[in-house]
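Engineer: Sharing a structure here in structure tokens format.
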Amino acid sequence: MQKNSVAVIGAGKWGQALHFALGQKQKCYITSRTKRDINNFVDLNTALSCEYLIIAIPAQQIRQWLDEHFEFKGQKILVASKGIEASTGKFLNEIYEEFIPSENLGFISGPSFAAEVIKGLPCALVLNSLNKQIFIEFEKLFPDFIKTYYSDDVIGAEICGAYKNVLAIASGICEGMNLGNNARVSLISRGLVEMQRFGSHFGAKMETFIGLSGAGDLFLTASSELSRNFRVGLGLANNKTLDEILEELGEVAEGVKTSYAINSLNKKHKIYTPIANEVYSILEGKNPKDSLKDLLKD
Ligand SMILES: NC(=O)c1ccc[n+]([C@@H]2O[C@H](COP(=O)([O-])OP(=O)(O)OC[C@H]3O[C@@H](n4cnc5c(N)ncnc54)[C@H](O)[C@@H]3O)[C@@H](O)[C@H]2O)c1
Ligand SMILES: O=P(O)(O)OC[C@H](O)CO
């Protein structure tokens, strides 16, 4: 393993933004499935030999990627994805822990549009790990324009990062239906309560929901067309099919598959999640106007 070396795995929007950010203080490698014309682009084996890895591949692809490509050699890993595995209902920390010891794992959360990070605009992020040493080591790698906070609430961060994407779809639907600011903010506020109810069932801490990982990322994602998930919602309200929306988007919108995962988890654990239920139903073909009626009377 190359001591003190850093690599980003996955050269999508977020991988490239993190590569830019981490490249401010030290050399930062990047790799992806297909070769890209990016500074310090390396093959996968070179990246995997780095001491510090930041993995930014879509949530639904993580298990297969770890299974087929990853070899644990003591690397310290920061997970940059946000989502829940639809086929199993597992949170990303649960998947990673099947392959890597938890003391080597950290998880990024908080409001962070890649499009702004790649311009060097300021933001604040949370690095979540059960091992504070992971935070101490990764914190030093981040540039001055990103303020990092520590939390040990890994499950809380994972749930917030995943759930807010589903709520952003709901908010985009609300916006696309021209329901007004009162409706959108009511939806976001009740979404925060719903996300906290869901998360506390799995042991997440209350403080996580009112901080950057929870309210912070939810307010950002559910109120801006920069969000891919919000744009999925706009498309659904405008009667586009999901296939059309995803094709136009050309990037991952994690909230779609995550809403399937939440639908299974809330049935299994009997958690009351009316907004996520309606997003799931709309993705399955329900008319958003019927969802609105049901949400107002539920
Ligand atoms: N874009 C953002 O603003 C942002 C911010 C925070 C977190 N995230 C999260 O980061 C993750 C990645 O998002 P993104 O914006 O980079 O998405 P993206 O659609 O821009 O890129 C996804 C990348 O993953 C790669 N990929 C897809 N399948 C793969 C596989 N099987 N093996 C290896 N690589 C594969 C693709 O080639 C692509 O480079 C998502 O979970 C997202 O929620 C994104
Ligand atoms: O564009 P989205 O909806 O995937 O959101 C990106 C980030 O998660 C915002 O923090």
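Engineer: What is the one condition in (1) hydrophobic (A, V, I, L, M, F, W, C); (2) more than 16 Å from ligand 2 (Cβ to nearest atom); (3) buried (at least 19 other Cβ atoms within 10 Å of the Cβ); (4) in contact (Cβ under 8 Å) with a residue 60 or more places away in the chain that M1 does not satisfy?
Structural biologist: (3)
Engineer: Further question: Would it be correct to say that E244 is surrounded by 13 or more Cβ atoms within 10 Å (Cβ to Cβ), among the charged types (D, E, K, R) and over 30 Å from Y149 (Cα atoms)?
Structural biologist: Numbers: surrounded by 13 or more Cβ atoms within 10 Å (Cβ to Cβ): no; among the charged types (D, E, K, R): yes; over 30 Å from Y149 (Cα atoms): yes.
Considered against the rule, which asks whether it is surrounded by 13 or more Cβ atoms within 10 Å (Cβ to Cβ), among the charged types (D, E, K, R) and over 30 Å from Y149 (Cα atoms), E244 comes out as no.
Engineer: Sticking with this one: Working only within the range 66-81, note down all residues that are crowded, with 18+ Cβ neighbours inside 10 Å and either more than 16 Å from ligand 2 (Cβ to nearest atom) or not assigned by TED's automatic domain parsing to the domain that holds E139 (or both).
Structural biologist: L66, F70, Q75, K76, I77
Engineer: While we're here: Just for the range 16-27: of the residues that are part of a loop (DSSP other than H, G, I, E, B) and touching a Pro at 6+ places or on another chain (Cβ under 8 Å), which one is nearest to ligand 2 (Cβ to nearest atom)?
Structural biologist: Q24
Engineer: Taking the range 65-81 on its own, how many of its residues are within 13 Å of ligand 1 (Cβ to nearest atom) and in contact with a Phe, Trp or Tyr (Cβ under 7 Å, 6 or more places away or on another chain)?
Structural biologist: The number of residues fulfilling the criteria is 5.
Engineer: Look through the range 161-186, keep the residues that are surrounded by fewer than 22 Cβ atoms within 10 Å (Cβ to Cβ) and of a type in the set (A, V, I, L, M), and return whichever of them is nearest to G110 (Cα to Cα).
Structural biologist: V185
Engineer: Answer yes if at least one residue in the range 240-249 is near ligand 2 (Cβ under 10 Å from one of its atoms) and modelled with pLDDT of 95 or more, and no otherwise. Walk me through how you get there before you give the answer.
Structural biologist: So the first thing to find is which residues in the range 240-249 are near ligand 2 (Cβ under 10 Å from one of its atoms), and the list is 249.
Still in the running and modelled with pLDDT of 95 or more: 249.
Within the range 240-249, one or more residues are near ligand 2 (Cβ under 10 Å from one of its atoms) and modelled with pLDDT of 95 or more.
Quick grid of which residues meet (1) of a type in the set (F, W, Y); (2) in contact with a helix residue (DSSP H, G or I) (Cβ under 7 Å, 6 or more places away or on another chain):
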position	(1), (2)
W14	yes, yes
T34	no, no
A47	no, no
I54	no, yes
I62	no, yes
S87	no, no
F91	yes, yes
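Engineer: Ok, one more. Being within 16 Å of ligand 1 (Cβ to nearest atom), crowded, with 24+ Cβ neighbours inside 10 Å and β-branched (V, I, T) narrows it down to one of I95, I84, I38, so name that one.
Structural biologist: Among I95, I84, I38, only I84 is within 16 Å of ligand 1 (Cβ to nearest atom), crowded, with 24+ Cβ neighbours inside 10 Å and β-branched (V, I, T).
Engineer: Across the range 165-195, what is the total count of residues that are part of a helix (DSSP H, G or I) and free of Cβ contacts under 8 Å to residues at least 12 places away in the same chain?
Structural biologist: Of the residues in the range 165-195, 7 are part of a helix (DSSP H, G or I) and free of Cβ contacts under 8 Å to residues at least 12 places away in the same chain.
Engineer: If you check every pair at least six apart or on different chains, which have Cβ atoms under 8 Å apart with a residue in the range 94-123 that is on the phi > 0 side of the Ramachandran plot and modelled with pLDDT under 95 first and a residue that is of a type in the set (S, T, Y) and part of a loop (DSSP other than H, G, I, E, B) second?
Structural biologist: Matching pairs, first to second residue: none at all.
Engineer: Scan the range 213-239 for residues that are more than 10 Å from ligand 2 (Cβ to nearest atom) and either touching a His at 6+ places or on another chain (Cβ under 7 Å) or aliphatic (A, V, I, L, M) (or both) and jot them down.
Structural biologist: Matches in the range 213-239: A215, L234, L236, A237.
Engineer: Does V252 satisfy the criteria of being out of contact with any Ser or Thr (no Cβ under 8 Å at 6 or more places or on another chain), within 16 Å of ligand 2 (Cβ to nearest atom) and at negative phi? Even if it seems obvious, please write down each step before you answer.
Structural biologist: On the way: out of contact with any Ser or Thr (no Cβ under 8 Å at 6 or more places or on another chain): yes; within 16 Å of ligand 2 (Cβ to nearest atom): yes; at negative phi: yes.
The answer is yes for V252.
Engineer: Right, another one. With the structure loaded, tell me whether S224 is in a loop (DSSP other than H, G, I, E, B) and out of contact with any strand residue (DSSP E or B) (no Cβ under 8 Å at 6 or more places or on another chain) or whether it fails that test.
Structural biologist: Working: in a loop (DSSP other than H, G, I, E, B): yes; out of contact with any strand residue (DSSP E or B) (no Cβ under 8 Å at 6 or more places or on another chain): yes.
Criteria met by S224.
Engineer: I would also like to ask the following. Here is a list: K140, K119, K164. Which entry is away from ligand 1 (no atom under 13 Å from the Cβ) and basic (K, R)?
Structural biologist: Selected residue: K140, the only one of K140, K119, K164 that is away from ligand 1 (no atom under 13 Å from the Cβ) and basic (K, R).
The values are calculated or read from the model by the stated rules, or taken from the named source; none is laboratory data. Treat the numbers as computed from the prediction; the structure is a model and nothing was measured. For neighbour counting, all protein chains shown are included, and Cβ atoms are generated from backbone atoms with ideal geometry for every residue, glycine included.
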